[in-house]
Amino acid sequence: MAVHPHPHHHLAVARLHHGRHVSPSSQAFLLSFLAASSAVAIAVLAMACSSLRSLWSVSLQADPLGGMGYAGESLALRDAVASWRSRVVYHVFVDRFAPPKPILSQPQCGTLSDYCGGTFAGMKQHLPYIRGMGFDALLIGPVTVNSPYGYHGYWPRGFAMPRAQRQGEDGQPQLAINPHLGTPKELKSLVAAAHAMGFLVMMDVVLNHVGCPEGGGPCDTWQETIRPPPWLSDSYAPFNQSASFHPPCTVDFSQYDADNWQRCWLASLPDLNQTNPAVAAALLQSTANHVHSFSFDAIRIDAAHHMAPEFVRWLPTRLGVPAFAELSIPSLPLPQRLLAGRAYTNWATAELQQALQIAMVNAFTGGDMDGAARGGLTHSPAAGSTAPAGPASAAPAFPAAAAVRPAAPVVGSMVDLARDMAAVFEGAGNADFQGTFLDNHDSPRLLGLLHGDQVLLRNALVLLLTSKGIPLIYSGTEQAFMGGPDPQNRESLWPFLNTHHPLYGFLTAVIRFRQKVSLWQYKHQGIRFVSTHLLVFQRGPAVVAVTNTPADVQLHDTVRVTGLRYSDGTILCNELADNECIRISNKGGYIHFDDRLPKLFFPL
């Protein structure tokens, strides 16, 4: 279905109360979806559309999700959205975090293209390791049944258990959970333990496609013959009919065309047709079952940009929990990228802000992050064994990573970064309700791109953790992992759960500062000084100073920072160092840069 963020004025459209438009084709999709589930809901929705009332606030007496409450713009959902704004999120694959056996007795995983042995039970045992840094939210990878080698969760095939197996011992529905990671009972225990420690827990969900039974071969055959293969059986229920999928075609990554990206197959994976009402209803039902059975507090929507915006925006109001949408559209210039992203977001659906990731990484590396972001996703298992990248103290283990790393340390411009950050904060809608990150499972780790320069990494982390948005830190950053492209950036964390690592301690200090100052409450983030290598901004009572100066360049600079919102005589001291303070005079002060370390100034 072709989706246009801004329909032409001559189209007959219905206006939603939050400022969105729904095209006639989208109205037809929504109406047909409800028709497949409830005649009562159709009557209510038809009356609402005829009077141009809010579509999302309609109260449905017969819910298409089998009785699941329709959240709409409920106060509970608004409170849930607000509860995420203050959080710092630890992003982790369960398979790569901790095995059920003692950590120190287990070698680091050496075959990164297959399961490594991490489990729900192992993660539960080591939750204090994460909480010790100050993290108060978790993002765990997909947990549903996957195709072989699907340790990451992005090749789903088990959206529902066979009917004969759906009833659990406790009389509740038995959900299709990846047995490599553990049992439904163990997952429920993990989430409950996380909640007891003060975490919110987000589940990654894959609704765009299904996995192949044995990697890419059978899917490729289907794409070539355009005929449903014999493996499309009950194990893929309820998506075991060809009508559940878009006809095979290839996503054109050289340019962004919404119709092509939403209809065609990502990495040769069978693309689910969410415009089919039965498919949409089944996806919503499966996701709702997981969210509410395991008490998840939010969802991450994988590959959201390959689905219709209406479907993505609708999910959180149907589920009653916030959503964070992965929107990876690097082929567009920044203004158009932000515009395309806004079509997918609303008050309850946030964007995982890849545009900001690209801007920050480019500022510290001088590289073209777009290429790495576009090419990082791997959906076919690599043959053989791949040695993992350990901490930065180890020699680089990935010759392939040289293709995306500069031959020598290079830096970008903080001036460009300041411009792009301003554009993102202004153009992305609600800047405080968006996910921000430096590393993830689809791009080479920043420390590897920085050739192991942990000082520059510290600057980037301070920038991330003090800027607008909800920061996500990818597991292994605190242990100085340097992995290259997928799967090299998916190292097992064991046996490196070292709470004495310098980066573990550094992250702890910065996260505690963020929480002490309640930085998320301050919406204004004002640039006070910027040059090619230096950036100083004020957010609330905090003054943040970072640099992208590489190790081979001497930094001895003193700059006068103006426009600081303090009374004359106020003394600000660096929370990350001893005996480093500045005195305010005429709304300004002098900051000395001589060690490349980031600075967090706060009033005495």
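The values are calculated or read from the model by the stated rules, or taken from the named source; none is laboratory data. Bear in mind the structure is a predicted one, so any value in this text is a computation, not a measurement. Quick reminder, even Gly has a Cβ in these numbers, built from the backbone with ideal geometry, and neighbours come from all protein chains shown.
Name the residues in segment 548-565 that are within 18 Å of Val462 (Cβ to Cβ), touching a Phe, Trp or Tyr at 6+ places or on another chain (Cβ under 6 Å) and among the β-branched types (Val, Ile, Thr), would you?
Scanning segment 548-565 gives Val559, Val561.
Against the definition (at pLDDT below 95, outside any helix (DSSP H, G or I) and among the aliphatic types (A, V, I, L, M)), how does Leu104 come out, yes or no?
no
I'd like the residue in segment 468-486 that is in a loop (DSSP other than H, G, I, E, B) and under 15 Å from the mean Cα position of the chain (by Cα) and, out of all such residues, is surrounded by the most Cβ atoms within 10 Å (Cβ to Cβ).
Only one residue fits best here, namely Gly469.
Tally the residues that are within 18 Å of Tyr590 (Cβ to Cβ) and surrounded by fewer than 19 Cβ atoms within 10 Å (Cβ to Cβ), restricting the search to segment 550-565.
Adding up the residues that qualify gives 9.
Please work out if His152 is closer than 19 Å to Met202 by Cβ and either modelled with pLDDT of 75 or more or not in a loop (DSSP other than H, G, I, E, B) (or both).
yes
Examine segment 456-467 for a residue that is in a loop (DSSP other than H, G, I, E, B) and either under 25 Å from Val81 (Cβ atoms) or touching a Gly at 6+ places or on another chain (Cβ under 6 Å) (or both), and state whether such a residue exists.
Yes: one or more hits.
Which is modelled with pLDDT of 50 or more and of a type in the set (Gly, Ala, Ser), of Ala402, Ala397, Ala408, Ala431?
Ala431
Which strands (runs of 3 or more DSSP E) does segment 264-381 wholly contain that include 2 or more residues that are crowded, with 21+ Cβ neighbours inside 10 Å, modelled with pLDDT of 95 or more and small (Gly, Ala, Ser)?
323-326
Do any residues in segment 234-245 that are under 15 Å from Asn146 (Cβ atoms) have Cβ atoms under 7 Å from those of residues that are assigned to a loop (DSSP other than H, G, I, E, B), where the two are at least six apart or on different chains, and which pairs are they?
Tyr236/Val210; Phe239/Phe159; Phe239/Val210
Starting from segment 564-587, keep only residues that are over 20 Å from Arg512 (Cβ atoms), then list their pairs with residues that are at pLDDT below 95 and in a loop (DSSP other than H, G, I, E, B) whose Cβ atoms are within a distance under 7 Å, requiring at least 6 positions of separation or different chains.
Matching pairs, first to second residue: Ile571/Leu604.
One line per residue, one yes/no per condition, for (1) loosely packed, with under 15 Cβ neighbours inside 10 Å; (2) small (Gly, Ala, Ser):
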position: Pro502; (1), (2): yes, no
position: Val510; (1), (2): no, no
position: Ser518; (1), (2): yes, yes
position: Phe529; (1), (2): no, no
position: Leu535; (1), (2): no, no
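Please verify whether segment 502-518 includes one or more residues that are more than 21 Å from Leu456 (Cβ to Cβ), in contact with a strand residue (DSSP E or B) (Cβ under 7 Å, 6 or more places away or on another chain) and not small (Gly, Ala, Ser).
yes
Looking at Leu334, is it within 30 Å of Leu449 (Cα to Cα) and in contact with a Ser or Thr (Cβ under 8 Å, 6 or more places away or on another chain)?
So Leu334 does not fit the description; no.
Based on what the data block shows, is Cys212 modelled with pLDDT of 70 or more, surrounded by 14 or more Cβ atoms within 10 Å (Cβ to Cβ) and outside any loop (DSSP other than H, G, I, E, B)?
So Cys212 does not fit the description; no.
List the number of the failed condition for Thr144; all other conditions in (1) under 23 Å from Leu104 (Cβ atoms); (2) under 20 Å from the mean Cα position of the chain (by Cα) hold.
Only one criterion is unmet by Thr144, namely (1).
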